[in-house]
Amino acid sequence: MALENEGVERIFAVPGEENLDVLESLRHSAIELIVTRHEQSAAFMAATHGRLTGKPGVCMATLGPGALNLVTGAAYAHLGAMPMVLITGQKAIMTARQARFQIVDIVATMKPLTKASRQIVNGTSIPTVVRDAFRVASEERPGPVHLELPEDVAASEVSDDIRLVPLHPVELPVARQAAIEQAAALLRSARRPLVMFGAASNRPRLAGQLTEFIRRTGMPFFNTQMGKGTVSAIGHDEASELWMGTAALSERDYLHEAIDRADLILAIGHDTIEKPPFIMGPDGPMVIHLGYTPANVEQVFFPHAEVVGDLGVSLARLAELVEGKLPYAAALAPLREGILMRTLERANESRFPLTPQRIVHDVRKIMPADGIVALDNGMYKLWFARCYRTRSANTLLLDNALATMGAGLPSAMMAAILYPDRRVMAVCGDGGFMMNSQELETAVRLKLNLVVLIIQDDAYGMIRWKQAVDSFADWGLTFGNPDFVKYADAYGAKGRRIETAEALAPTLESAFREGGVQLVIVPVDYSENVRVFVEELGNRVMEVAQ
């Protein structure tokens with residue numbers, strides 16, 4: 001009842017013996033139980049629910065080994081600021097009939113990976129504890145909260161007089177007007193201003209407000225990897241024509257031609273949990289931090305001014321003070337065409353295996369404006385970050401915080417459950433896909449419409465690339481793969497293998513039109529990693545130095 005009171009519609013779980021009383025209660029509730037094939041996937045799905053809706057997703061596991069399998073998902077949500085509630089079982093706490101069998105201190109284990117971790121010791125406290133857990137998970141900065149429910153507490157009878165705690169809206173603090181005025185003064189004096197949208201600007205509540213800010217101020221902008229889509233990057237309106245690109249690398253990339261020339265960067269919602277989008281130094285630009293929470297001061301990020309509070313309110317007030325008063329607002333905009341042209345080049349090459357640029361191009365071609373692409377982690381993530389132009393918020397789901405492998409497929413499954421009428425695609429390397437490939441059974445059982453694009457190079461490609469860059473021998477990072485077409489068939493899905501570059505886009509289109517769970521396997525030519533990220537960008541740095 002406490003979970004229903006929070007509006008929970010589904011729980012992702014691999015239940016165990018210590019969850020049986022909870023399981024029986026769920027059987028009589030309106031909450032849907034989605035059984036996954038691994039606890040890690042349950043956590044990834046719950047976290048992605050929080051990311052896409054702003055409301056905590058819920059996952060459940062048993063004690064010991066089951067609870068420990070949630071750990072990566074907890075860290076994924078904690079670093080990625082995704083609201084989630086994890087519920088784990090435990091042996092009885094008022095008796096010890098099984099001694100220490102399977103007992104691990106999960107409350108202590110979860111503490112550094114969550115916003116809060118606590119054991120429920122009395123059934124009468126459940127309404128209060130659950131209400132507080134959901135409130136804490138949702139508050140800025142959002143993240144996971146862990147609750148441990150021992151089996152004897154779960155089995156206890158609770159009086160009907162114990163009432164649920166009513167929900168109440170929690171208002172976000174508003175920034176001081178003096179801080180907003182200081183930021184406005186700095187913007188008005190800037191000769192080459194640039195706006196950056198970070199991870200915290202991608203909250204569902206901000207839809208439309210960020211685009212309005214860019215339209216009112218006329219300043220060019222770029223985004224971090226997790227800030228993609230906050231303002232449309234495709235189209236012909238004022239805002240989309242000011243998009244300069246995505247900071248997939250911390251330095252050297254073509255986008256940094258604008259970053260390095262800026263004398264002021266307005267960092268909106270930047271969370272230093274992301275890999276740095278740029279590296280601040282003593283001779284760098286003035287940086288203003290606009291965030292829900294104060295900035296984390298790091299060696300590479302130390303803002304000169306801060307505006308802390310509700311981002312929507314802060315941006316509206318800031319726009320009021322500077323609209324029409326920024327004569328140099330678009331000073332860096334002329335760099336845009338050259339940056340994008342060089343970033344997006346070679347997207348139509350017909351070589352086989354396919355270049356990463358061609359893969360990104362063809363995925364963008366067949367995905368509609370509201371289509372969702374969920375990336376796993378691998379070398380292709382950098383290519384999608386640089387080259388995939390988003391049209392709306394949260395349509396390219398990538399993890400630039402924990403950056404764990406194995407999350408792509410479960411994240412896409414969650415998106416497909418939430419938005420059954422939208423096209424959803426998981427993009428996974430062969431390494432990351434196999435880490436949670438068992439969830440194909442879950443996707444087929446749930447009758448999801450989902451396309452899984454497997455980028456095959458028979459290796460842990462990103463680490464292999466770094467190995468080459470650092471002049472180590474090519475050793476220890478290759479592996480074999482199953483026949484993915486037969487693998488899909490074994491789960492009741494359909495597999496298709498790409499044999500020519502020209503076949504990718506029509507095959508993806510056909511897979512979406514057919515529906516169901518579809519695997520599309522495409523081999524990739526990763527020689528582009530060295531050509532672009534080492535040789536081409538390295539030569540550009542040398543030219544600038546000269």
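A few comments on the model shown:
- If you go through region 1-19 and keep only what is of a type in the set (D, E, K, R), under 21 Å from LEU418 (Cβ atoms) and not in a loop (DSSP other than H, G, I, E, B), you end up with GLU4, ARG10.
- Residue among ILE288, ILE214, ILE265 that alone is in contact with a strand residue (DSSP E or B) (Cβ under 7 Å, 6 or more places away or on another chain), free of Cβ contacts under 8 Å to residues at least 60 places away in the same chain and not in a loop (DSSP other than H, G, I, E, B): ILE214
- Residue within region 41-58 that is in the same structural domain as VAL104 (by TED's automatic domain parsing), of a type in the set (D, E, K, R) and under 23 Å from GLY143 (Cα atoms) present: yes
- Note on region 482-497: among residues that are assigned to a helix (DSSP H, G or I) and not small (Gly, Ala, Ser), the one that is nearest to ASP525 (Cα to Cα) is PHE484.
- Residues that are modelled with pLDDT of 95 or more, farther than 25 Å from ALA75 by Cα and under 28 Å from the mean Cα position of the chain (by Cα) within region 124-178 comprise VAL174, ALA175, listed in sequence order.
- Selection from region 238-250 of residues that are in a loop (DSSP other than H, G, I, E, B) and either within 27 Å of ALA175 (Cα to Cα) or under 22 Å from the mean Cα position of the chain (by Cα) (or both): ALA239, ALA247, ALA248, LEU249, SER250
- Selection status of GLU502, at pLDDT 95 or above, assigned to a helix (DSSP H, G or I), more than 30 Å from ARG261 (Cβ to Cβ) and within 27 Å of the chain's Cα centre (by Cα): no
- Among residues of region 511-537, those that are in a helix (DSSP H, G or I) and touching a Lys or Arg at 6+ places or on another chain (Cβ under 8 Å), counted: 5
- Qualifying residue in region 445-452 (condition: part of a helix (DSSP H, G or I), under 17 Å from LEU397 (Cβ atoms) and either in contact (Cβ under 8 Å) with a residue 12 or more places away in the chain or out of contact with any strand residue (DSSP E or B) (no Cβ under 8 Å at 6 or more places or on another chain) (or both)): no
- Within this structure, GLY492 fails the test of being touching a residue at least 40 places away in the same chain (Cβ under 8 Å), more than 28 Å from ALA412 (Cα to Cα) and not aliphatic (A, V, I, L, M).
- Checked against the criterion of being farther than 17 Å from VAL22 by Cα, loosely packed, with under 14 Cβ neighbours inside 10 Å and not basic (Lys, Arg), the candidates GLN98, GLN102 yield just one match: GLN98.
- When region 291-324 is filtered for residues that are touching a residue at least 60 places away in the same chain (Cβ under 8 Å) and aromatic (Phe, Trp, Tyr), only TYR292 remains.
- Lone qualifier among LYS466, LYS486 - being in the same structural domain as MET434 (by TED's automatic domain parsing) and under 27 Å from the mean Cα position of the chain (by Cα): LYS466
- Scanning region 173-201 for residues that are in a loop (DSSP other than H, G, I, E, B), of a type outside the set (Lys, Arg) and either closer than 18 Å to LEU321 by Cβ or without any contact (Cβ under 8 Å) to a residue 24 or more places away in the chain (or both) yields VAL174, ALA175, ALA190.
- Which listed residue is touching a residue at least 24 places away in the same chain (Cβ under 8 Å), touching a helix residue (DSSP H, G or I) at 6+ places or on another chain (Cβ under 7 Å), surrounded by 24 or more Cβ atoms within 10 Å (Cβ to Cβ) and under 22 Å from THR128 (Cα atoms), from ALA30, ALA43, ALA61: ALA61
- Annotation note: of GLY198, GLY218, the sole residue that is surrounded by 15 or more Cβ atoms within 10 Å (Cβ to Cβ) and on the phi > 0 side of the Ramachandran plot is GLY218.
- ILE366 passes every criterion in (1) surrounded by fewer than 21 Cβ atoms within 10 Å (Cβ to Cβ); (2) more than 26 Å from the chain's Cα centre (by Cα); (3) not small (Gly, Ala, Ser) apart from (2).
- Some residue of region 97-117 being without any contact (Cβ under 8 Å) to a residue 40 or more places away in the chain, at positive phi and either assigned to a loop (DSSP other than H, G, I, E, B) or in contact with a Lys or Arg (Cβ under 9 Å, 6 or more places away or on another chain) (or both): yes
- Any chance ALA347 is in contact (Cβ under 8 Å) with a residue 24 or more places away in the chain and more than 30 Å from ALA81 (Cβ to Cβ): yes
Rundown of residues vs (1) surrounded by 24 or more Cβ atoms within 10 Å (Cβ to Cβ); (2) under 15 Å from ILE521 (Cβ atoms); (3) in contact with a Phe, Trp or Tyr (Cβ under 8 Å, 6 or more places away or on another chain), yes/no style:
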| residue | (1), (2), (3) |
| --- | --- |
| GLY406 | yes, no, yes |
| GLY431 | yes, yes, yes |
| LEU448 | no, no, no |
| LEU453 | yes, yes, no |
| LYS466 | no, no, no |
| PHE472 | no, no, no |
| GLY480 | no, yes, no |
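The values are calculated or read from the model by the stated rules, or taken from the named source; none is laboratory data. What you are looking at is a predicted structure, and each value in this text was computed from that prediction instead of being measured. With ideal geometry, Cβ positions are generated from the backbone for all residues, glycine too; neighbour counts draw on all protein chains shown.
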